[in-house]
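Note sheet for the following structure.
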Amino acid sequence: MPTAVPQSINFYKGKFQLKEEIEKLNLKNVDEALNICDLTTVVSKFYTWKKHMPNVTPYYAVKCNDDPYIIKTLADLGASFDCASKNEIKLVLGLGVSPDRIIFANPMKATSHIEYMKAKNVTDSTVDNEFELYKIYKSFGDSNVVLRFLSEAENALCPLGDKFGCDAVEDAAAVLLLAESLNMNVTGVSFHVGSGCSDYPAYERAICTGSQLFKFGRLIGHYMKLLDIGGGFPGDNDDMFSNIAKVVNNSVDKYFKGIDVRVIGEPGRYFVAAAYTLVCKIYSKREIRQKDGKLEKVMYFINDGAYGTFNCLLYDHITIKVIHFENDGTETFKSLIWGPTCDALDKICDNLYLPNLREGDFIAFPNMGAYTVPTASPFNGFSVPKTRYFLRSDFL
Ligand SMILES: Cc1ncc(COP(=O)(O)O)c(C=O)c1O
């Protein structure tokens, strides 16, 4: 339960009623789109995580959505944090989180960022090659290093393996041996199967490899005790999540049997994707007709687009769902939704069927909390949406 309730929070009872809440917000004369953030979802995701993976401590990946209310809610619930940079560390520490609840999980770090982590007493970070290990040695040689190895899912929305993770067979031993010769502490291993993973066995393959590196690391003298299973967990499908959790739990039991290990994860989208619904307004429309005058398509122009929150179309490859508020049963027409900029790349979705909507109507997009807010830009002068926070009153 969050102890620090944001000043501007809107409380509701029972099930969240999107249409009614939009009406209450009285957005008729507001030009900008609006994020509706239901912190209740973040809270319940935390308890779902605890239920399915009680032995895995979540370190929320701040990069996914760095909204301070999200971070504060998770901090108050007892989560820890995966930070990718000095500024993320600053943000999390500034919200009252102690440095031992942070892992600096970007394997490539500028020296100034390593110096900052040292100054702030953040001791854990990941690394995947000798150059970076040596850089850490020079600036913060007595910190705890976690070796990130490559072990990828066959299917993931955003694979990360081209960029990060040493080869467990070819390269890991060299990093571990160098660390040993420099007298550095390698305290564990980490991997990331890819964000938006739909290949559950990927976790088992990675945990198996992790256990072998653990054994080798211990053999050459590293006091390995941390297994970091990264992210990849879905944000909008709790059944899929519970299946992944079973694979993780069984694999840790199987491959780390008899080994004293602390397991952590770095979930990003899991906590925030479903917490956000983006509310947009149709401010213009245009009809495309065939030569014989028959209506071919209706084009709608809305107040957020691919350069704003919908940048996730490009970067996160998401499938867009549209909620409209017309009664079921009305006739539908082939439709296309455009974002507001003058760029024709700014297309949100095409070839969907919608009722005949009017200028001034609202439409909403669920599951918009992951990799959207921090990456939105005000290109063409269109403001990025503000956020209104909601919480079910019986969660307090
Ligand atoms: C190191 C690291 N950890 C965790 C995450 C979060 O991943 P996800 O949102 O799939 O849980 C990412 C995403 O890019 C990452 O790079």
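The values are calculated or read from the model by the stated rules, or taken from the named source; none is laboratory data. Nothing here was measured: the structure is a model prediction, and the numbers come from that model. Cβ coordinates were reconstructed from backbone atoms using ideal geometry, including for glycine residues, and neighbour counts include every protein chain displayed. Remember, those area values only see protein heavy atoms, side chains included, never the ligands or the DNA or RNA. Shrake-Rupley method; radii C 1.70, N 1.55, O 1.52, S 1.80 Å.
Could you run the Karplus curve 6.51 cos²θ - 1.76 cosθ + 1.60 with θ = phi - 60° over the stretch 136-141 and give me ³J(HN,Hα) per residue in whole Hz, x for Gly and Pro?
Result, ordered by residue: 5, 4, 5, 9, 8, x Hz.
So the label point goes 7 Å from the Cα of ARG358 along Cα→C-beta, right? Which residues of the stretch 311-352 then have their backbone N under 15 Å from it?
Within reach of a label on ARG358: 325-327.
Given R₀ = 30 Å, what would the calculated FRET efficiency be for LYS386 paired with LYS321, taking r from the Cβ atoms and rounding to 0.05?
Efficiency, rounded to the nearest 0.05: 0.85.
Could you sort LYS109, LYS334 by their accessible area in this structure, using a 1.4 Å probe and putting the largest first? Show your work: numbers first, answer last.
Numbers: LYS109 5, LYS334 75 Å².
The residues order as LYS334, LYS109, largest area first.
Leaving ligands and nucleic acids out of the surface, order LEU157, LEU219 by accessible area at 1.4 Å, largest first. Before the final figure, lay out each step's value.
Numbers: LEU157 70, LEU219 145 Å².
Largest accessible area first, the residues go LEU219, LEU157.
So what's the gap between the Cα centers of the stretch 179-245 and the stretch 51-67, to the nearest angstrom?
15
Per residue, how much accessible area does the chain show when a 1.4 Å probe rolls over the protein heavy atoms, in square angstrom? List each step's numbers first, then the result.
Numbers: 17930 Å² over 396 residues.
Per residue, the chain has an accessible area of 45 Å².
Convex hull over the alpha-carbon atoms of the chain: what's its volume per residue in Å³?
Working: hull volume 61.2 nm³, N = 396.
Expressed per residue, the convex hull around the Cα atoms of the chain is 154 Å³.
Dividing the alpha-carbon radius of gyration of the stretch 141-211 by 2.2 N^0.38 Å (N being the number of residues), what value is obtained?
Details: Rg = 13.2 Å, N = 71, 2.2 N^0.38 = 11.1 Å.
Expressed relative to 2.2 N^0.38 Å, the Cα Rg reads 1.19.
Quick one: work out the % antiparallel among DSSP beta bridges in the chain, nearest 5. Intermediate results must be reported in sequence, preceding the final value.
Values: 25 of 64 bridges.
That works out to approximately 40 percent antiparallel.
So, taking all protein chains as they sit and a 1.4 Å probe, how much accessible area belongs to ARG262, in Å² rounded to tens?
We get 110 Å² for ARG262.
Which ³J(HN,Hα) values in Hz, rounded to whole numbers, follow from the phi angles of the stretch 250-266 under the Karplus curve 6.51 cos²θ - 1.76 cosθ + 1.60, where θ = phi - 60° and Gly and Pro get x?
5, 5, 5, 4, 6, 8, 10, 4, x, 9, 6, 9, 10, 10, 10, x, 10
Given the options LEU77, HIS192, VAL248, identify the residue whose Cα lies farthest towards the positive end of the charge dipole of the chain (+1 on Cβ of Lys, Arg; -1 on Cβ of Asp, Glu).
Value: LEU77.
Considering every pair of different Cα atoms, what Kirkwood radius, in Å, is found for the stretch 40-272? Please report the intermediate quantities before stating the final value.
Working: mean 1/r = 0.0571 Å⁻¹.
Taking the inverse mean of 1/r over all distinct Cα pairs, the stretch 40-272 comes out at 17.5 Å.
Using the scaling law 2.2 N^0.38 Å as the reference, what is the normalised Cα Rg of the stretch 191-286?
On the way: Rg = 18.0 Å, N = 96, 2.2 N^0.38 = 12.5 Å.
After normalising by residue count via 2.2 N^0.38 Å, the value is 1.45.
Taking R0 as 22 Å, what's the FRET efficiency between LYS257 and TYR223 from their Cβ-Cβ distance, rounded to 0.05? Walk me through the numbers on the way to the answer.
Details: r = 19 Å, r/R0 = 0.87.
That pair, LYS257 with TYR223, gives E of 0.70.
What size of dipole, in debye to the nearest 20, comes out for the chain about its Cα centre when the only charges are +1 on Lys and Arg C-beta atoms and -1 on Asp and Glu C-beta atoms? Could the numbers behind the result be given before it?
On the way: 43 positive and 48 negative charges, 132 e Å.
In total the dipole reaches around 640 debye.
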